[in-house]
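Below is one structure, written out as structure tokens, with a few remarks after it.
Derivation of every value follows stated rules applied to the coordinates shown; laboratory data play no part. The shown structure was predicted, so the numbers you read here are calculated from the model rather than taken from an experiment. Cβ coordinates were reconstructed from backbone atoms using ideal geometry, including for glycine residues, and neighbour counts include every protein chain displayed.
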Amino acid sequence: MSIESVSAPARDLWRPVRYLWRIPLLLLHVALGVLLCAGILSWNKHRVMVDGREPFAHRMIRWWSRVLLRLFGLRSVRYGKPLADPVLFVANHTSWVDIELVHSQRAACFVAKAEIERWPLVGWLAASGGTIFHRRGSNHSLSAVMQTMVERLKGGRSVAVFPEGGTGHEGVLKVFHARIFQAALDAGVPVQPVALRFTRGGRRNVDAGFRAHESFMANFLRLLGEAPMDAEVHFLEPVPLSPDARRRMADLARARIAAALDDVTV
């Protein structure tokens, strides 16, 4: 499968036009998100799936995320079938869009960096959706996060993590940290790899994620003006639980995601 390293022509005459209509609609959609968090999620954040049926709050999260992606020109496309809650989803990470991309198909509690919790409005929205915040480099924080993950999983909620520990660039898939898989072992839930892949015209587009040294706001504004593309969510074969081999679980999950990103069969 070929890879497109540049997401749009050097001179994209339609970019200013896209800003003109996307920015006002984005502001309206964010305002709607505030109302949903205040009126629905704040009262239903602990609801769980029963007999495979999604709670209304989870369906609203998926709907809001799909619409948000469309405002950035991204059409969420699902491949495969997500397991019923609770499950530990492990995905590759290239952009802030990844969280909304997974949410467009399945509501889950994400593990995210603690800095997000202090962002105006965004931190509150994330917390309302059940985000678990982690201070990078802190073993005490990681222990607390792991405990919270196990509690959420045992309580019937799915948790989603990015085992790379940070965003990759130019389509590079980094090594997966194995310790995070212990939460699934402790809770006794399955681990399902999820490959997140951006394409335009059938070609993979690695430029949709963060560029090297690109800030959040720079990436946000760049994507807001981009031409339409597909954002694929591949739910892959679950990884067998191996209590004595977390590293094997991490490597197998990474291999399956890598194969999906490269569109090959393993």
Bin all alpha-carbon pair distances of segment 180-266 at 10 Å intervals from 0 and give each bin's fraction as a whole percent. 15, 35, 28, 19, 2
Which cross-chain or sequence-distant (5 or more) residues have an amide H under 5 Å from the amide H of Val77, H modelled 1.01 Å from N in plane? Ala231, Glu232, Val233
The ³J(HN,Hα) series, computed from each phi in segment 19-29 with the Karplus coefficients 6.51, -1.76 and 1.60 at θ = phi - 60°, rounded to the nearest Hz and given as x for glycine or proline, is 4, 4, 9, 6, 4, x, 5, 5, 4, 5, 5
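Provide the packing ranking of 16-25, 200-209, 95-104, i.e. peptides ordered by the mean count of other C-beta atoms within 10 Å per residue, highest first.
Values: 16-25: 12.4, 200-209: 18.5, 95-104: 22.6.
For the peptides 16-25, 200-209, 95-104, the packing ranking is 95-104, 200-209, 16-25.
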Once every DSSP H run of n ≥ 4 in the chain is given -39500 (n - 2.57) and the sum is divided by its residues, what mean residue ellipticity at 222 nm do you get, rounded to the nearest 500 deg cm²/dmol? -11500 deg cm²/dmol
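Convert 25 °C to kelvin, take the viscosity as 0.890 mPa s, use the Kirkwood radius over C-alpha pairs of segment 3-261 as Rh, and evaluate the Stokes-Einstein diffusion coefficient in µm²/s, rounded to a whole number.
131
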For an R0 of 45 angstrom, estimate the FRET efficiency from the Cβ-Cβ distance between Leu20 and Val48 and round to the nearest 0.05. 0.60
So if I restrict to the alpha-carbon atoms in segment 162-226, what is the Rg, and what is Dmax, the biggest pairwise distance, in Å? 15.2, 44
Scan around Phe89 for amide H atoms under 5 Å from its own, H built in the peptide plane at 1.01 Å from N, and keep only partners 5 or more places away or cross-chain. Val159, Ala160, Val161, Gln192
Rounded to whole Hz, the Karplus (6.51, -1.76, 1.60) HN-Hα couplings of segment 181-198, x for glycine and proline: 6, 4, 4, 5, 5, 5, 8, x, 10, x, 10, 10, x, 10, 9, 9, 9, 9
Grab the chain and count how many Lys pairs have their alpha-carbon atoms under 23 Å apart, sequence gap of 8 or more, or different chains. 5
Distance (nanometres) between label positions extended 7 Å along Cα→Cβ at Ala31 and Val172: 4.3
If amide H atoms are modeled at 1.01 Å from N in the peptide plane, then the residues at a separation of 5 or more from Asn205, or on another chain, having amide H under 5 Å from its own are Glu4, Phe198, Thr199, Arg200
Per-residue ³J(HN,Hα) for segment 216-223, Karplus 6.51 cos²θ - 1.76 cosθ + 1.60, θ = phi - 60°, Hz, x for Gly and Pro: 4, 5, 5, 5, 4, 5, 5, 5
